[in-house]
Every structure is written in structure tokens, then in C-alpha cells.
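The structure appears right after this line, and notes come after that.
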Amino acid sequence: MAGIEHTPVHRRRLNPRQALLVGAAVLLLLGLGAWAWSVRRGAEVQVVAAQRQDIVQSVVATGRVNAAARIAISSEVAATVSEVRVREGQAVRAGEVLVRLSDAEPRAALAQALAALAEARSRALQQSSVGALVSEQTQVQAQAALLVAQRDHERIRQLVAQGFFAPQRLDEARRALDTAQSALTSAQVQALANQPRGVEPQLAAARTAQAEANRRMAQARLARLVLRAPVDAVVLRRDVEPGLMAQPGRELLALAEAGPLRIDTSIDERHLPLLQLGMSARAVADAFPGQPFEARLSYVAPAVDAERGSVAVRLALIQPPAFLKADMTVSVELFGGRRERALVLPSEAVRDIDRAQPWVLTLEQGQARRVSVRLGLRGVGAVEVTQGLAPGVLVIPQTEKALPGDRVRAAPARAERRGFELPSYLR
């Protein structure tokens, strides 16, 4: 048996530089292959599925709890505060004294006005009881004096004609007659003026009325120095202490009228078609987030705030919880229409949701496709799609970086749960 000849094999070793180049080429080829594979499959995106479920249209806003009315107590005049009778949190009745201001000077003015009124009334009484009687007697005396003067004048005229008296005596008798006539006229005018409808009673009544007006003015000035509660209320804030100077218009006390609390808030004007008086709402106080309470829309302002683009609304509380206090901040959700088994998407999945032509980005056969939709009711984080989609269609939310026409694929982590849930109280 012939022997087998073995030819030795010589292996060439690569130097370090060549090995590095070969490794880089292999990695590049692997990367290009992975890139080509990913391009063919598309980028991963999160998706949600359009699904049928109940939806409640609602509007969310932030408001504040207010009393039936807030009342600012301030002084009409500048004066020193002498007494404060209430404290914060105290309930007060209508007419109850809250604050007293220094009133020494107004009291003196009132005393002076009362004295002047008493004097005017006395003078009026004197005119009616004495002045009228005196003027009547004066008129009677003047009539008697005129009769005597007339007789004397006639007698002297006859004697002068017979030559017993000089003509000068007739002139004297004539002057006496004229004087008596003037005195009677004056007495008649005075008596007429003192009649019940004459000038003197009217002047006396005017003086009395003026004195009465001065008294009322002095009493009004004095009354302005006593600040009283206009209605039954609770003292919210006290910004005054005895000894301080009260200035006109400066708030001293803040009151909340006794009565049911309410919620005041503003709603964006685009939600005006949804607002209907009596619609139900749910409110949650920021301080007590786990204790929601019911409310009802009771007032919508007749005008829109042009600067803010909102309308003021007011909600009445059904059963206010005990922890609720004035000025609390609350979140309010007003519930409008409700539809069962509507086709619903999360709000974040609809693009241009507030414009005339909203649309969504669907995932169809590995490609992102733009689809126009028509929307219906809007809830919290959810919106009804009335046209453009079918149940189960996968939609790419706005949070994903995908454009119409891109190759995309659903991320496995979300493929098992493509739907979403409404809050429990909306189901």
C-alpha cells in the first residue's frame, strides 16, 4: 500500500489593522441589514382602536365657591374708629351694629339743630295763637279811630264853614283822617297776613320745615358714624381696629350674606351651545379631591367677556357638604348630552379637533393614512366619531412621530390593549 503524502497547509494570519477593517465591514453589513429590515417593517408607534362605548358630553372649568352675596362695609366719612363689635366668622343679624366711629361733633350739631327746631315751632305756635289775635284787635282799634277821625273832620268842616274855626283847623282834621285811614289799611293787611292761609303762617311753616330738615341732616350725619349689617350675614374678614382712621371707600369689614353657597366660574364661549339652565354638574374642591358633590347650572351671563372669550356662569349646589366654605377653589364638570354605544376615540387621537375639518392618522396595512372625520359629543378625554371611521380601526395619537404615508407598525406593548376607558362616573 502506497503511502499517502500530506501536503502541509499554510494559514495566513491577519494583522490587527486588517482584522479591524474586516470587523467594521461585518458590523456595517449587519447594520445595513437591520436598517433595511426596519424600513421594510416600519417604525413602531402606539395606537388606539376606535371602539363603541357610552359617552357623556361635558365641559370642565375651574371656579370658586361664593356666598349668595358679598358685602363690603366701609365708611362714608373720614372719622376715627371708636368701637368694633364683631369678629371674623361671627354671624350677624340685619341692623346689628358692626362698627362705631367718633361722633362728638355730629352729636353737638344734632343738639343745635334740635334747639333751632324747637324755636321755630314755638314761633309758629306764637304766630297762630297770639299774632293772629293781636292783628285782629289792632284792626278793630284802627276802624274805631277812623270813625272818630271822620266825625271830627265833618264837625270841623261845618264849623269852619260857619266861621267859628279858622281854615287851618280843617287841614289838621284832614291830616288826622288820612292818618287813621292809613292805620286801618295797615291793620287790615297785618290781619290778612296772619290768617291761616296768609303770609305769616307760611313763613312760620317754612322756618319750621327748614329747622326740621337741618335736624334730619344732623341725624343722618350721626347715623353714618354707626355702621350696621344690611342683611343677615357672616363676617368673612375684619380689616379695622379701634383707633384707626376710617377713610371713605376703604373696606373695613367683608360680609357674606347668609344663604346657600354657589359656584361662580367662566366657560369658553365655544361651549355656549352646550349650556342649558338646569343641566347637571359635578364639583370637586381642591382641598377635598375625594369628595365630589352635585350641582346644577342656574345662571348664564347675557354677554360674553370679549377680552377673555368666556361667559360667566353660576351653579347652585344640591346638597352642599359641610366642609365647603366661601372662596374655596373647585373643579367643575357640566354634563350635557349622553349617547350609548357611540364610536369613541381619545381626544389626543384626533387632530385639528377644534377646527372645521378634524382628521385622524390611521394604521392600515403598515402605513399611516390621513382620514377626515366628523365629530359628535365630547367628553372628558374622549370624543365621538360620527363619520369617517369604523369600529376597531387603529388610530395613531398625536403624541407619536408619524406623518401620513410613513411605514409604521403597532408597538407590541400596546397591541394587547388598544382601547381606553372613561372615568367611572361617566360610564
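The values are calculated or read from the model by the stated rules, or taken from the named source; none is laboratory data. Predicted model, so just to flag it, every value in this text is computed and none were measured. Note: ideal-geometry Cβ built from the backbone for every residue, glycine included; neighbour counts use all protein chains shown.
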TODO: Considering each of 273, 260 in turn, give the residue that is closer than 30 Å to residue 57 by Cα, out of contact with any helix residue (DSSP H, G or I) (no Cβ under 8 Å at 6 or more places or on another chain), outside any loop (DSSP other than H, G, I, E, B) and at pLDDT below 90.
DONE: 273
Task: Positions within segment 277-290 being in contact with a strand residue (DSSP E or B) (Cβ under 7 Å, 6 or more places away or on another chain) and at negative phi, in sequence order - done: 277, 279, 280, 281, 282, 283, 284, 285, 286
TODO: Among the numbered conditions (1) farther than 30 Å from residue 74 by Cα; (2) touching a residue at least 60 places away in the same chain (Cβ under 8 Å); (3) touching a Gly at 6+ places or on another chain (Cβ under 7 Å), tell me where residue 271 comes up short.
DONE: (3)
Open item on the list: For the condition surrounded by fewer than 18 Cβ atoms within 10 Å (Cβ to Cβ), assigned by TED's automatic domain parsing to the domain that holds residue 51 and modelled with pLDDT under 90, what is the one hit in 413, 390?
Closed with: 413
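Consider residue 47 carefully, then state whether it is at pLDDT below 90 and either more than 30 Å from residue 246 (Cβ to Cβ) or hydroxyl-bearing (Ser, Thr, Tyr) (or both).
no
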Task: Where a residue in segment 333-358 is touching a residue at least 24 places away in the same chain (Cβ under 8 Å) and of a type in the set (Gly, Ala, Ser) and its partner, wherever it lies, is exposed (fewer than 14 other Cβ atoms within 10 Å of the Cβ) and in a strand (DSSP E or B), with Cβ under 7 Å and at least six apart - done: 342/52
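For segment 64-120, give me each residue that is at positive phi and at pLDDT 90 or above.
If the condition is that a residue be at positive phi and at pLDDT 90 or above, then 95 is the only one that fits.
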TODO: Scan segment 327-352 residue by residue and report those that are surrounded by 17 or more Cβ atoms within 10 Å (Cβ to Cβ), under 38 Å from the mean Cα position of the chain (by Cα) and of a type in the set (Val, Ile, Thr).
DONE: 330, 332, 350
Open item on the list: Could you check segment 369-387 and list, in sequence order, the residues that are under 24 Å from residue 403 (Cα atoms) and in contact with a Lys or Arg (Cβ under 8 Å, 6 or more places away or on another chain)?
Closed with: 384, 385, 386, 387
